[in-house]
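Heads up, the thing below is written out as structure tokens.
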Amino acid sequence: MSESSKDKIVLFDNGNHKVVLLEDHGSGAAVQANQFVIVHGDQGMILDPGGHKIYNKVFSDTHHTLGGAKLRYIFLSHQDPDIVAATNGWLMTTDAEAYASELWMRFIPHFGLDHLVTERLRPIADGGMVMDLAGCGLLVLPAHFLHSCGNFHLYDPVSKILFTGDLGASVGIDYREVSDFAAHMPAMEGFHRRYMASNAALKLWANMVRQLDIEIIAPQHGALFRGPEMVKRLIDWLDGLECGIDRMAGVYTIPSS
Ligand code: FE
């Protein structure tokens, strides 16, 4: 098995539609991150491709995964550096269009966008959109304030995978899928309580995604949630989670030293 193929995990493949996880290209101080590639017919898309340190590896793995398909889209769930920092490289070396919240259109160029590619960075309005990948309609769902104020998730109706960016993310674990939700919760709890903006946003999100038929919830960091029972456990846990501003009253005090 070659170096470039050993950590590509096929999550779904029906012959015409494929979803692949490029796992754990992070190293050192950088947080571990999952990259996902969706291929439908002759077109492909990468989700949250990551920053400069992993660019070469993710780029070659993506092209290996695409086979003969063409990279059509780069989906950026929000503006964090582990997601958007290498956007210029992706746009300069492909003909793809990158999509991110309209809130970040004037900020992402600060990572260095060449003027030749700026018009291929496209805005997503607050209500989300449907992205047409070679005839497959992928749903871009609002997930604002979870954690970024301009934040989207992506639902693939063919594989029934919901890609949730930082929501459902876990750190410090060495398994790829959650098998024991209660045991897994500590790996998510601190991050969600501090980074997610409020329970109000989580409740709106939970009400929206309960209308979808979800087989896997795939966050950008840590383990996946597979199967209706594990998906339900995660949505229910998030629905009831106090976080962000809900817990900040005591922090807004004048420091004494
Ligand atoms: Fe983030």
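The values are calculated or read from the model by the stated rules, or taken from the named source; none is laboratory data. Everything numeric in this text was worked out from a predicted model, so none of it was measured. Cβ placement follows ideal geometry from the backbone for every residue including glycine, while neighbour counts extend to all protein chains displayed. Calculation scope for accessible area: heavy atoms of the full protein, side chains included, ligands and nucleic acids excluded. Shrake-Rupley method; radii C 1.70, N 1.55, O 1.52, S 1.80 Å.
Tell me which residues, restricted to the range 212-257, are within 20 Å of the chain's Cα centre (by Cα) and among the aromatic types (Phe, Trp, Tyr).
Phe225, Trp237
If I ask for residues that are in contact with a His (Cβ under 8 Å, 6 or more places away or on another chain), aliphatic (A, V, I, L, M) and open to solvent by 40 Å² or more (accessible area, probe 1.4 Å), which ones from the range 29-48 would you list?
Correct list: Val31 only.
Restricting the search to the range 206-231, which residues are more than 16 Å from the ligand (Cβ to nearest atom), part of a strand (DSSP E or B) and aliphatic (A, V, I, L, M)?
We begin by selecting, within the range 206-231, every residue more than 16 Å from the ligand (Cβ to nearest atom); these are 206-217, 223-231.
Now drop any that are not part of a strand (DSSP E or B), which leaves 216-217, 224-226.
Across the range 206-231, the qualifying residues are Ile216, Ile217, Leu224.
Can you work out which of the residues in the range 31-72 that are under 16 Å from the mean Cα position of the chain (by Cα) and in a loop (DSSP other than H, G, I, E, B) is nearest to Leu139 (Cα to Cα)?
Per the stated criteria, the residue is Asp48.
Please state which one of Ser170, Ser179 is within 16 Å of the ligand (Cβ to nearest atom), among the hydroxyl-bearing types (Ser, Thr, Tyr) and farther than 19 Å from Gln211 by Cβ.
Ser170
Only one of Ala182, Ala187, Ala206, Ala200 is open to solvent by 10 Å² or more (accessible area, probe 1.4 Å) and under 21 Å from His144 (Cβ atoms). Can you tell me which?
Exactly one residue qualifies, and that residue is Ala200.
Considering (1) more than 15 Å from His192 (Cβ to Cβ); (2) touching a helix residue (DSSP H, G or I) at 6+ places or on another chain (Cβ under 9 Å), say which one Ser159 fails and leave the rest.
(2)
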